[in-house]
Amino acid sequence: MRAVLLDGKGAVRVTDLPDLVPDPDEVIIAPEVVGICGTDLHLAEGDFPGSFPVVPGHEFAGTVQAVGSGVSGFAVGDRVCVDPNVSCGACEQCLAGAVNLCSKLEPIGVTTNGACAEQVRAPATVVFHLPDDVDMATGALIEPLACVLHALERLGAGVSGKKVLIYGAGSIGLLSTVLTRADRASVVEVVEPSAVRREAAIEFGADRVFAPGERTGEKDVDLVIEASGHPSAVADSLVRLAGRGTLLQMGVTSPAVTIDLHPYDLFDRELSIIGSQSLATAFPAAVRRMPSLSDLAARMVTHAFPLEAYGEALGAARSEVARKVHVHPQE
């Protein structure tokens, strides 16, 4: 099979790997559409913890190609999507429901080979049937949708009536815009350097959009969703929070990055800082919710590339002219 390989040092190559045979508890999937996100960009640059060399690709939908002898409920030809987080199910974090923090977590496309290949393997426990009215491109957006659903669950009290400021209008920022608007936030604003993505944020429901440095208000926001992963945006987020405001950190930064933090601000304004990493147990909810967002891919995906052009796909994803970039491994 053809597959993309990352070496963890910035090199990207497309090569031949052996075809896959399922273990008894596994499903082999032919990925049809794979999304590229900020994690993939960091992984390609060797700036994200992974096991190298590795085949990237953790946001995907495809068709079942083979089924292990111990698997029931799936058949060759089924349309499926996959929760990429393969947890042990037995450690303290798993038993507490924080499967994304599993001490033995093996994320598909990060520490095990992912979907930027003609075949990918997955335990049947993380494979889900794609709803009939959801196409493959939209199915590949279920994973990022689950990440946002999990993040909003971390808030506990929800967003109804709150003034929300979102940094970044990539896929996570745009989905955050859609969901906070649907959940009745009073105001949704977005900060984004790309004019193309600012336009997308308006289409997805933002009340106002700003380029970095344009927004002048301080201490006037109830909730900041940081979805860009840029250290300057994280630092700026803290300036914007009103009393008892919350920073919800979703953007992936380099593990080596630090920012200045004034502990007095946490005390004086009673601020909350909440991290949200991946999707925990939100994938089934995202599968159920996606049919109500069935036009999502048509509005969000601006670039699609065949597998052999994965390097070009990364370049597009880094640019300011893309909303969402997809790769089609079967082309």
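The values are calculated or read from the model by the stated rules, or taken from the named source; none is laboratory data. Worth saying up front: this structure is predicted, and the values here are computed from it rather than measured. Please note: Cβ atoms are built from the backbone with ideal geometry, for glycine as well, and neighbour counts cover all protein chains shown.
Hey, any hits in region 149-171 for a residue that's in a helix (DSSP H, G or I), touching a helix residue (DSSP H, G or I) at 6+ places or on another chain (Cβ under 8 Å), assigned by TED's automatic domain parsing to the domain that holds M250 and among the β-branched types (V, I, T)?
So far as region 149-171 goes, no, none of its residues is in a helix (DSSP H, G or I), touching a helix residue (DSSP H, G or I) at 6+ places or on another chain (Cβ under 8 Å), assigned by TED's automatic domain parsing to the domain that holds M250 and among the β-branched types (V, I, T).
List the number of the failed condition for V134; all other conditions in (1) outside any loop (DSSP other than H, G, I, E, B); (2) touching a residue at least 40 places away in the same chain (Cβ under 8 Å); (3) β-branched (V, I, T) hold.
Only one criterion in (1) outside any loop (DSSP other than H, G, I, E, B); (2) touching a residue at least 40 places away in the same chain (Cβ under 8 Å); (3) β-branched (V, I, T) is unmet by V134, namely (1).
Pull out all pairs, ordered by first then second residue, where Cβ-Cβ is under 6 Å, the residues are six or more apart or on different chains, the first lies in region 170-191 and is closer than 21 Å to H303 by Cα, and the second is among the basic types (K, R) and surrounded by 22 or more Cβ atoms within 10 Å (Cβ to Cβ).
So the pair list comes out as S171/K324.
Checking the structure you have, find out if any residue of region 60-76 is crowded, with 17+ Cβ neighbours inside 10 Å, hydroxyl-bearing (S, T, Y) and not in a loop (DSSP other than H, G, I, E, B). Show your work before the answer.
Just the residues of region 60-76 that are crowded, with 17+ Cβ neighbours inside 10 Å, to begin with: 60-62, 64-68, 71, 74.
With hydroxyl-bearing (S, T, Y) added as a condition, the list becomes none.
No, every residue in region 60-76 fails to be crowded, with 17+ Cβ neighbours inside 10 Å, hydroxyl-bearing (S, T, Y) and not in a loop (DSSP other than H, G, I, E, B).
For region 231-273, which residues satisfy the criterion of being of a type in the set (A, V, I, L, M), surrounded by 15 or more Cβ atoms within 10 Å (Cβ to Cβ) and within 18 Å of G38 (Cβ to Cβ)? Outline the logic, then answer.
The first filter runs over region 231-273 and keeps only residues of a type in the set (A, V, I, L, M), leaving 233-235, 238-239, 241-242, 247-248, 250, 252, 256-257, 259, 261, 266, 271, 273.
Narrowing further to those that are surrounded by 15 or more Cβ atoms within 10 Å (Cβ to Cβ): 233-234, 238, 241-242, 247-248, 250, 252, 271, 273.
Listed by number, the residues that qualify are A233, V234, L247, L248, M250, V252.
Given the conditions (1) crowded, with 24+ Cβ neighbours inside 10 Å; (2) out of contact with any Asp or Glu (no Cβ under 8 Å at 6 or more places or on another chain); (3) not basic (K, R), and given that G156 satisfies all but one, which numbered condition is not satisfied?
The failed condition is (1).
Before we move on, is G46 surrounded by fewer than 16 Cβ atoms within 10 Å (Cβ to Cβ), part of a loop (DSSP other than H, G, I, E, B) and at pLDDT below 95? Talk me through it step by step, then tell me what you get.
Values: surrounded by fewer than 16 Cβ atoms within 10 Å (Cβ to Cβ): yes; part of a loop (DSSP other than H, G, I, E, B): yes; at pLDDT below 95: yes.
Against the criterion (surrounded by fewer than 16 Cβ atoms within 10 Å (Cβ to Cβ), part of a loop (DSSP other than H, G, I, E, B) and at pLDDT below 95), G46 qualifies.
Yes or no: region 202-221 includes at least one residue that is closer than 15 Å to S276 by Cβ, in a loop (DSSP other than H, G, I, E, B), in contact (Cβ under 8 Å) with a residue 12 or more places away in the chain and not aromatic (F, W, Y).
no
Could you tell me whether any residue of region 236-253 is within 25 Å of A322 (Cα to Cα) and assigned to a helix (DSSP H, G or I)? Lay out the reasoning, then the answer.
Within region 236-253, the subset within 25 Å of A322 (Cα to Cα) is 236-237, 248-253.
Going one step further and asking which of them are assigned to a helix (DSSP H, G or I), we end up with 236-237.
So far as region 236-253 goes, yes, one or more of its residues are within 25 Å of A322 (Cα to Cα) and assigned to a helix (DSSP H, G or I).
Residue pairs, Cβ under 9 Å, 6 or more apart or interchain, first in region 301-318 and more than 22 Å from F204 (Cβ to Cβ) and assigned by TED's automatic domain parsing to the domain that holds D16, second among the acidic types (D, E) and surrounded by fewer than 21 Cβ atoms within 10 Å (Cβ to Cβ). List them.
Hits for this filter: F305/E312; F305/E331; P306/E331; L307/E118; L307/E331; E308/E331.
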